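We did not get these values from a lab; they are worked out from the coordinates using the rules stated. Owing to the predicted nature of the structure, the values given are computational and were not obtained by experimental measurement. Quick reminder, even Gly has a Cβ in these numbers, built from the backbone with ideal geometry, and neighbours come from all protein chains shown.
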Amino acid sequence: MTLLGGLALWVACLLGVWGALTGLLGAARGRADLIASSRHAVFALCGTLLVAVLALQVALFRHDFNVEYVAAYSSRNMPTFYTWSALYAGQKGSLLFWAAVLSVFAAIAQVVTAPRHRIYLPYVGAVTSIVATFFVVVMLFGGANPFERLPYTPLDGRGLNPQLQNPGMVFHPPMLYLGYISITIPFAFAMAALLSRRLDVDWLVAIRKWTLLSWLFLSVGICLGMWWAYVELGWGGYWAWDPVENASFLPWLTMTAFLHSVMVQEKRGMLKKWNLLLIIGSWLLSIFGTFLTRSGVISSVHSFTQSNIGYFFLGFLVISATLSFWLYSRRLPELTAESTLESIVSREASFLFNNLLLVGIAFSVLLGTLFPILSELVTGTKVTMGPPAFNRVNIPLGLALLLLTGIGPLIAWRRSSLPNLRRQFAVPVTSGVLALLILLVAGMRDPSPIVAIGLGAFVSATVVQEFVRGVAARHRQYSEGWWLAFGRLIARNRRRYGGYIVHLGIVILFIAFAGMAFKTETEATLRPGESATLKSPYGWTYTFTHLGVSQYDALNRQVTAATVDVTRDGRRVGRLTTEKRQHVDSRGQPTFQPSTEVGIRSDLREDLYIVLAGVVNGTEQAVYRFTINPLVWWVWYGGLIVALGGLIVMWPGGGAPAVRRAQAGYAVKLVAKDAG
Amino acid sequence: MKAGMKFLLGATVIVGAVGYLMATGIKETGQYFLTPSELSQKIATDPTFYDVGMKVGAHVVPGSVTREVATQTLRFRITDGSATYPVVYHGLPPDTFNDSVEVVVEGRLQPDGVIRATDVLAKCGSRYESVPKA
């Protein structure tokens, strides 16, 4: 199978080069035969890389430990479920996964693109082929061939790192990869627009769904990553501003900026240069993220082991950035705005500020992530930025962004009149102020959480108001029942109301993040029968009574489990167990370091989070860390609502008449163009 | 261009705020990231460098780790081959901590030459890659 896989990689490399050359040449010369050949090469590349993936997967399932990759990331006693994820658990496999998924997206783009956008496809095929070929080249020439064989055959593989043996980890990396990878398609269209000089809104329409798709994958991937870090790593939080986390957050920020600013271009013909920059920037950031996690240039708690393929990525990054910005600068004269900003109190102005904030956050996160390198270059000493530095910058910026989330949707395009503003803002502002007052009266004094919750109330009220008005209008106009009106309102204006649902999810996330400001924590060493107490931020007193320690063997691990009985203000809540696991291979030899299984009990208000730090040798005396994390549940639910809103916006079909009406001005332009 | 000017004004405020926050953030919460030999050089040239928050990245000296589970005290030494510092840490070390691992110790160097750690991060090869067997 490895022969087949290796061969597939070589064929893929050749196909990629062919597809790129024919695509570029065919489009430039207008040669239909070359264009057709390039299109076929894209499909063939996809098929070939899928064969390679299949070959690696077969090797994994056959436990062919003579293959270095199989020996390093799987073992005989590993649950089947995780054998699937071994495909992208390691450096080499993840490169193959990247290339293969990109080739699938590229093939899909060739198929689903609407006929009137087909003009871009040869260039799109060329760009996607170049990027996919780069990954294949790294595998073939960067010492990262997943099909390499060992000079001997180990009896068993090393198995997958136990911290990865978690359902969150099976879906988190591919989701993030899908997000990273799918940005390539909008980037390819942007390059196609620049190369073909067809820089009207057409190419934006062609990529709208793709940008949403990658934004959605990134959002879900980031949330799953937070969830995994929370339940698996045992340090009691879900976000630590680690370089690898930041790497996934950066393109998310710029994509979010794009999803907003693209509306300004569609409606008003402004921000053309900016939108192109955002797409190019997002793609470069996605490659940068891949580079960061693979090169070891930044010390992170979780980067891939250092290897020289970092240089390949750095080179690719520099070359792509140079080429795309050069092309961009050549086309700048053709990217003039069709209208100007008429009033600062307008939808487009609020989008501009929203973009500035998002890009400002992205810039500060990028700078903070690279700061150790930059400070070493300038002063000779490494200075690192920890979570406090990131929070200091990003909490105020995030809150300002939250404020705009409420303001933006309420003010009209072009300009807003005073009565109009009063009508729109009366209820939301009152709600926000009321929430603030309630919190102050309740005795909260910490400024950022209070502001976050106050703004949250304001934004939620704007969303509710929009929904209520929309439903009421339908109810009056078409005499639909309330629920029917609600359903149709969303279904007929997916982009708008799906967007509002995303906003609601973001508000929930912000409030949940604010809750973490109130976490409480204690550590205790307990003999059976002894207990520790911890006050929750809501004023309850929790008592944790240590029941005892048990040790037993499971399928691929030795488990040390400690159990506590939990009471809240004297009333029994339940039992919680936390484990230390030593994973073993099929001969019973320990593999990897011990890992912790956190005991978690969640409800809407707070999480009890219990970690077994260790057991005093030979006794049942256990060392625990007890943490109470407020509102963590809302992070996961906020994330789900964001994803749901994103799905509603993305859902194909429907909504066309309303959207078309709203975009009448621009639709007319398109028709005129098509006719001409 | 009146609206444009107003927007530029707002933009300047935002960009200024981002810059200001970053500058103060770095100034007040940025920490030196040193190796033990860099730390000993710093101390030699600047005797006031004691009790300054910093991070030290180094290897744990094999066999130097002592744990007192009851008091949750962890003592070990870190080295980069040329300079060695003893570390005291109260709290729970990460799962991946053992006596052959690379660590990042966050804390302050005391005048008695011991680093009092507020946090210990073990740099395992990665979450993805397993640590190569020694």
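The mean number of partner chain beta-carbon atoms within 10 angstrom of a residue's beta-carbon across peptide A:66-74 is 1. Across the range A:105-199, the convex hull enclosing all Cα atoms gives 143 Å³ per residue. Simple rule: put +1 on each Lys or Arg Cβ and -1 on each Asp or Glu Cβ in the range A:204-285, find the dipole, and look at A:G234, A:W283, A:V262; the Cα lying farthest toward the positive end is A:V262.
Under 15 Å from the Cβ of A:I280, count the other residues' Cβ atoms, weight Lys and Arg +1, Asp and Glu -1, and hand me the total. Present the calculation step by step, with values, prior to reporting the outcome.
Numbers: positive: A:K272, A:K273, A:R330, A:R331; negative: none.
That sum, taken over residues with Cβ under 15 Å, equals +4.
Shape descriptor for chain A: Rg over Rh equals 0.99 (Cα atoms; Rh from the Kirkwood inverse mean 1/r).
Going by C-beta contacts inside 10 Å, put A:M516, A:M263 in order with the fewest on the left.
A:M516, A:M263
Computed from the C-beta positions of A:T153 and B:D51 and an R0 of 51 Å, the FRET efficiency is 0.35 to the nearest 0.05.
Full-extension gain between A:K273 and A:T577, please, as 0.36 nm times their residue separation minus the C-alpha to C-alpha distance. Spell out each step's value before the answer.
Working: separation 304, 0.36 × 304 = 109.44 nm, distance 5.58 nm.
Result: 103.9 nm gained on full extension.
Once both labels are positioned 7 Å from their Cα atoms along Cα-to-Cβ, the gap between B:H90 and A:R62 label points is 5.9 nm. Taking the fewest neighbouring Cβ atoms within 10 Å as the starting point, the ordered list for B:Y85, A:Y152 is A:Y152, B:Y85. Shielding value for B:3-12 is 4, the average number of Cβ atoms from other chains within 10 Å of each residue's Cβ. Footprinting exposure proxy ranking of A:R39, A:R495, fewest other C-beta atoms within 10 angstrom first, gives A:R495, A:R39.
As a quick test, which of the pairs A:K92/A:K272; A:K580/B:K55; A:K273/B:K27; A:K519/B:K55; A:K519/B:K42 have an alpha carbon distance above 32 angstrom in this structure? Before the final figure, lay out each step's value.
Working: A:K92/A:K272 38 Å; A:K580/B:K55 28 Å; A:K273/B:K27 35 Å; A:K519/B:K55 25 Å; A:K519/B:K42 37 Å.
Check vs 32 Å cut-off fails for A:K92/A:K272; A:K273/B:K27; A:K519/B:K42.
Can you give the charge dipole size of the range A:384-514 about its Cα centre, rounded to the nearest 20 debye, using +1 on the beta carbon of Lys and Arg and -1 on the beta carbon of Asp and Glu?
620 debye
For the pair B:T12 and B:T66, the difference between a 0.36 nm per residue extended length and the Cα-Cα distance amounts to 14.0 nm. Between A:E620 and A:S339, the simple label model (points 7 Å from Cα in the Cβ direction) yields a spacing of 7.5 nm. The range A:308-350 and the range A:456-533 have Cα centres spaced 34 Å apart.
Computed from label points 7 Å out along Cα-Cβ, the spacing between B:S37 and A:Q477 is 7.5 nm.
Applying 1/(1 + (r/R0)^6) with r as the Cβ-Cβ distance of B:R75 and B:R108 and R0 = 22 angstrom yields a FRET efficiency of 0.85. Between the beta carbons of A:L377 and B:M5, assuming R0 = 41 Å, the FRET efficiency works out to 0.65 to the nearest 0.05.
Around A:T22, what is the net charge, scoring Lys/Arg as +1 and Asp/Glu as -1 over all other residues with Cβ under 13 Å from its Cβ? Write out the running numbers ahead of the final one.
On the way: positive: A:R29, A:R31, A:R39; negative: A:D33.
Counting the neighbours of A:T22, the net charge comes to +2.
Here the gap between A:L25 and A:L647, fully extended at 0.36 nm per residue and compared with their Cα-Cα distance, gives a gain of 220.2 nm.
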